[in-house]
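S.K.: Quick one: structure below, then a few questions.
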Amino acid sequence: MTISYRNSSVLEEQVKAKFKQADMQQEYARAMLVRSQALELAAQYGLDKKQVSEAALLHNISRLIPETDYLTLAEEYGAEILPEERKNPHLLHQKISRILAVEEFNISDKEVLNAISCHTTLRPSATLLDKIIFLASKQYTGKSIKFSLNTKQKPLAEKDLNASVLSCLFNEINNNQTTTCIHPWAQKALEDLKKK
């Protein structure tokens, strides 16, 4: 996969500067790879490139904030905090990314913000943009590279996005070893996709 750094956007430069300042260049590189994968899928499904690019670049911007501050920040900005998120504040990172997208980067596009705020768990009645950012963000887990749209899954995503998202979400829920609870959005999104 080739990533073009030519003709970079203002937002891309801002994101790059923030991660560089925090000495988190690996997170910036990851955001660029997620954007590249998301744009590839977006071209297939005719989505707006600007929306896809913004959502992909900012989906993990919350990594700039210590996880220990997530709950306080979410409360401060009046974000809805589910019981599962109170027990496991790391689940708030997608909502914190949304807050930072608004507060630090002046993003106002609701579709972009919604895609950012459900990129880890998805949500019921997910839009095409939500699904593409969700799938693209599953390229990596933690610090180890794990391309989830492997040779078997990638053609599936290109032919049937819902089937690919369902497969990814199902595997993630059933192989979840990082937390003892399942985010209710993920469970509802899974049920929603099964109906389709």
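Where a number appears in this text, it was derived from the coordinates with a stated rule and is not lab data. Note that the coordinates shown come from a computational prediction; the quantities given were computed from them, not determined experimentally. Glycine also receives a Cβ, built like all others from the backbone with ideal geometry; neighbour counts cover every protein chain displayed.
S.K.: List the residues, sorted by chain then number, that are 5 or more residues from residue 139 or on another chain and whose placed amide H is less than 5 Å from its amide H.
M.R.: For residue 139, the qualifying residues are 148.
S.K.: OK, next. I want to check the label-to-label distance for residue 127 and residue 194. Put each point 7 Å from Cα in the C-beta direction and report it in nm to one decimal.
M.R.: Calculated label separation equals 2.7 nm.
S.K.: Which GluC sites (Glu not before Pro) from segment 45-96 combine a DSSP loop assignment with at most 10 other Cβ atoms within 10 Å?
M.R.: Answer in residue order: 80.
S.K.: On to the next question. With each pseudo-label sitting 7 Å past Cα toward Cβ, what's the residue 182-residue 104 distance in nm, one decimal?
M.R.: According to this spin-label approximation, the distance is 3.2 nm.
S.K.: Under a plain spin-label model, where a point goes 7 Å from the Cα along Cα-to-Cβ, how far apart in nm are residue 20 and residue 81?
M.R.: Those two pseudo-labels are separated by 3.5 nm.
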